[in-house]
Structures are given as C-alpha cells and as structure tokens.
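Below is one structure; the comments refer to it alone.
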Amino acid sequence: MKINIAVPSTGLQKVIEIDDEKRLQNLYERRMAQEIDGAVLGEEFAGYVLRITGGNDKQGFPMRQGILCNHRVRLLMHKGHKGYRQRRAGERKRKSIRGCIVSHDIAVLNLCVVKAGDNPIAGLTDDSVPRRLGPKRANKIRALFNLTRDDDVRKYVISRTFTNKKGKTVRKAPKIQRLVTPLVLQRKRARKAAKLASVLRNKEETAAYKKVCAQRLAEQKEARRSLISKRRSTRKSAKLAADVDGQPKDRRESEYEHWWRPRAQGVAEYIAEKFASSDLILLQEWWFDDKFTTIFDKATSHLFERIAERRPDGSGGMRDDGMCCLVRKKGALELVKSGRVLTGPQRIAQIVQCRERCKNGSAGRNVFIANSHLSFPGDDDARINDKRQAIEAGIILEALTKASHEYELDTTISEHEALEIICGDFNSNSCGGAASLLESSPYNFVNCASATAQQMLTNVGGPVNIGVTHCDHLGNKVSVDHIFLRLKRRLAQTSINGKAKSSSTKKERCAALAFGYLDEKGSRIVNVKRDDILIEGKTVLSDHRPVTAEILWPRVIANETFDSDLYINVTMPLDPLEPAWGIVE
C-alpha cells in the first residue's frame, strides 16, 4: 500500500510504500478523519500525529466520508455530491464509491501531518515551498499584511513577473475581490435609491388601488341603495293605492313614466324600422302626453306626417287619448284632411282623406280611411253587444260615405274611383255584428284576412280570423283587429260596340270579392299578416299587435273599354289563379 503524507505548513508531500502486512494491520478498520500515531509507519515518524484524509482502492474509486463500510457501494448521486458531475439539468446517476473505512483493498492512503515530531523528515519538514499565489479578497490581504481600513490594499496585492513567449516582461496580479471603490459605492447608492423608489411607487399604487376600490364600493352601495329606494317607493305607491279593505287598485301604465317610457320608445323604434316603407299606419289609443308624442316624433317625424284626434270624456271635455294616423312623406299617398265622428259614449272614429301622388300630372285617386275603435262588449247578453257594435259600424259607414261624396273627382274624367278602408279594434271577431254588416250588401266590404285565406285555399268559405291580435284588459287573447276594404267607382258613360251605356249600379255581392278581387282590372288584396313587437327579445304585453295588409290598385287606362256587368254579375266561385273577369259562362 502506498502512503501519501502531506505537511500543509511547508507545502511538501511524500509518498512511501509499505508492504509489511503487520504494519498495515494498524491502519485497517480506521476511518477517515481519525488521528493515528506516526510510529506505526516507522521509527522515523515517532512523535508525529497523522490524520487520515482519504484514499483510493486498486480500481481508482475514492473513499468518501459518511459511507460507514470498508467496501464499494453504488449510490444514486445528483448535483452537489462529491465524485459526480451533472451533465444535464436534474440528472441523477448511480455510481460506485468506496466506504470511509480503511481495508486491504486500499491502494493509496492519504495522510496529513497534524503534529510534527522531534526528528525532521527529509522531503517533508526539512524544507518549505513558498506559495505562488497570494490572497485575492481584500480583507484577507489586510489580514496578511496587518493593514487598516485607510490603507490601499491594491499596493499590497501579491503579483509575479515573468517573460512570455514573445520575450516581453509581463506582470500578472489577481483581481481583488470585495474591494470598495467610489464606483461600487455609487452603484450601491443607485440600487438603494431604486429600491426606495420602488417602495414609494408601490405605496402610491396601493393607495390609488384602494381609492378606486373604495369608489367602486361606494358606487355599488349607492346603486344598491337606489334600487332599495325604488322598491320601497313602489311598495309605498302600491300601499297608497290600496282600497280601504286593503285590496290594491288597478293602476294605469300612464301613471308611472318608468313603466310606459321604455315601451313607447321600443314601439316607436319598431314602427320606424319595420314600417318605414308603409304608406299608411293607423294607431289605436294614441296618448296626447307631450313626452309621449316627443318620443314618437323623434323616431318617426323624418318618415311620416302625423295627425291625431282626441276623444271626448263624456262631460264636455276631451280625454288625453284618441286615434292617430301616420302618412309616409315620400310615399304613394299625401294627407288631405282628418276629422272625427262620435260613435258612442267616449268613442270616436277618425276619418282621414288621402290623395294619390301622380308623377305624370294626372288627377290622383282618393283614399278614405276610418280609423275605428268600437265599444267594449261589456253586456252579459252577446246580442246586445253585437247590436251596439253594428250601430257604431253603421255610423262609421255613413261618415265615410259622406266624406267620399264631398270629395268626388270632376265628372269630366273618364271615371272616378276611391278606395275606402275601415280598420281598427272592433272588440269582436270576424263573425260579429259589425263585421257582418260591413260585408253585407249593399256595402260589400272585403275582410282582408278572409280574402287572403280564400286565395291560399285554407278555408271553405266564410269569415276567417287572422289570429290573436289583441290582449284585452281582462287578459283575454282575442282576434278583434280587422282591415276592411271597398273599391267605390262611379262610371261615366262609355261606349261598348258603338252603343252608349250608362254606369251600372247593381247591388249584388260578387263572388270574386271573397278572393279579395276588388274590381275587374286587377285591384286586389295581396296579403295580410299579423306580427309581434319585440323589445329586448321579449314580446310586448300590450294591447294591439300590428296587423298589416298589402293592396294592389292599378290605374285605369283612359282609352280602355270594358263592360262592368261582366265583373259584377259573376256569381260562381272563382279560381284564385285566374283573374276575376276571366270566368264567364
């Protein structure tokens, strides 16, 4: 076994080889860091104290402190373990290592002189090797040369001078570590200032954040307080509106602006968007409140002219509601006049006259509209309700006929025709007395819903309801909104086969009317439909739902001759795919 002995104080070391097994027995079973008497190695080491610092076995595996065995073991090593160098981050590897106990497998044993004996040993204690490198740290240089804080350590650094390969003399000195210079102090002050600024900035940002949080919290509390106040106000209003017996009264929507304003705004925008191309719009239960009219005018005044009529209150005054008519400014009709007729207690019909706009300078045809709202069927006897509504319909017919006679065109024109429209809330369906009166002879008005159903062959004759168009104040869903049309014509004398013939005044109801054909030249009802007003994705739970009708009304060619009896005398059901005047026996 080879013994490597080192003396730190002199910087020398010496290797001796011992083959005597008896002498080696004193080293076996000793551990690393144990001190032994130098005499076991020979008489020349008498008085010396040696410490075991390590060793290697015959295969070169080093001894390792803490492994309490005298043989090799395989340990799972990672970064930081002695005897292992990590190749990849996080890598671990199992490697062989020798225990810390000396055995006969050790080839080289390292010893260190802790205490020197009396006799010097050649090659170990008789000489010394100076240190080539001096200390680098500033404090250690001060300790080596016993310097104070005021001394400049740069003057005492150990350096060496040598000649390089080019023959130039070079002085080489280490870089002093932890040396305090003005630049170092400046950088330290900068770091301290940056840290202080960061602390102050964090405090300011924290204060600003807390301020914003407090503001948001105050806003939320205020919103919550406002909501609670509104709820309390609503409960208080409901409580004040209660009868003596504690039952609440029915309240009108018009009494609370936050109730009716969103609905009015949505309806006005719906009309402006959905019916922007409609020539004529008739509104029921129009409210004459300034805020209400402002909302509608703001949404529709650029598209429509508005004219409205109030209804009486029964005591000589006028109510705040009534009927309204909107006429498109750039449409096919222009507004001429509007009036009203009293149909019952606190009930009116708005009589509106419009004239057709003609681009070629010819006289426009007249359109007479009766915007109606018949009385509510409040009697228990349905016959009384029907009779009352039929009387009101008769009053409307008389008013419409009177208006039509007053504004007939000049008789010098080849013919005069006018379109008469009666529409609105009848408070009864198409089988009621008012509707039956309008469809009977000699009035011969056409129900648009029934005519459209006949055209689509979806009924076998008779009145047809368009569906739920109304939700009354009792919550009943009914079909009570109707549109009735009639084409009224006064024929001048015309020539047929060279013979003069006066205009016909037959009173029979033509079967073509059931299909919506108003005359023999193609005037007809194209379609009628019902829609729902949607505001914010929800159906408006209001009174009327919009009912729209499209009418085709071509003009008469001046030099065309025809026999009006050909159309009027047709009594057989017509094929909806053929014109009304094309079926003759």
### Query
Can you find a residue in the stretch 334-342 that is under 48 Å from the mean Cα position of the chain (by Cα), without any contact (Cβ under 8 Å) to a residue 60 or more places away in the chain and over 26 Å from PRO312 (Cα atoms)?
yes
### Task
Give the residue that is most open to solvent (accessible area, probe 1.4 Å), with candidates limited to residues of the stretch 523-536 that are outside any strand (DSSP E or B) and modelled with pLDDT of 75 or more.
ASP531
### Query
With respect to the numbered conditions (1) more than 26 Å from ARG131 (Cβ to Cβ); (2) touching a Lys or Arg at 6+ places or on another chain (Cβ under 8 Å), which one is the sole condition not fulfilled by VAL49?
(1)
#### Entry: Test set (1) in contact with a Cys (Cβ under 7 Å, 6 or more places away or on another chain); (2) under 22 Å from VAL7 (Cβ atoms) - ARG64 fails condition number
(2)
## Note on the structure
Restricting attention to the stretch 269-301, the residues that are part of a helix (DSSP H, G or I), surrounded by 19 or more Cβ atoms within 10 Å (Cβ to Cβ) and of a type outside the set (Val, Ile, Thr) number exactly 3
### Summary
Only one of (1) under 47 Å from the mean Cα position of the chain (by Cα); (2) at pLDDT 90 or above; (3) exposed (fewer than 15 other Cβ atoms within 10 Å of the Cβ); (4) under 20 Å from LEU487 (Cα atoms) does not apply to GLU398, and that is (1)
#### Entry: Residues that are among the β-branched types (Val, Ile, Thr) and under 26 Å from SER375 (Cβ atoms), drawn from the stretch 266-292
VAL267, ILE281
### Message
With the requirement that a residue be assigned to a loop (DSSP other than H, G, I, E, B) and at pLDDT below 90, what does the stretch 302-316 give you?
### Response
ASP313, GLY314, SER315, GLY316
### Query
Looking only at residues in the stretch 95-151 that are free of Cβ contacts under 8 Å to residues at least 40 places away in the same chain and surrounded by 16 or more Cβ atoms within 10 Å (Cβ to Cβ), which one is nearest to GLU44 (Cα to Cα)?
GLY99
### Task
Scan the stretch 12-57 for residues that are of a type in the set (Gly, Ala, Ser) and part of a helix (DSSP H, G or I) and report the count.
2
### Summary
Picked from the stretch 51-94 (must be hydrophobic (A, V, I, L, M, F, W, C) and over 59 Å from the mean Cα position of the chain (by Cα)), the residue most open to solvent (accessible area, probe 1.4 Å) is LEU68
### Task
Using the structure shown, decide if GLY66 is of a type outside the set (Phe, Trp, Tyr), within 23 Å of ASP127 (Cα to Cα), in contact (Cβ under 8 Å) with a residue 24 or more places away in the chain and assigned to a loop (DSSP other than H, G, I, E, B).
no
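The values are calculated or read from the model by the stated rules, or taken from the named source; none is laboratory data. Here the structure is a predicted model, which is why all the values come from computation and not from measurement. As a convention, Cβ positions derive from the backbone with ideal geometry for all residues, glycine included, and neighbour counts pool all protein chains shown. SASA here: full protein model, heavy atoms, side chains in, ligands and nucleic acids out. Shrake-Rupley method; radii C 1.70, N 1.55, O 1.52, S 1.80 Å.
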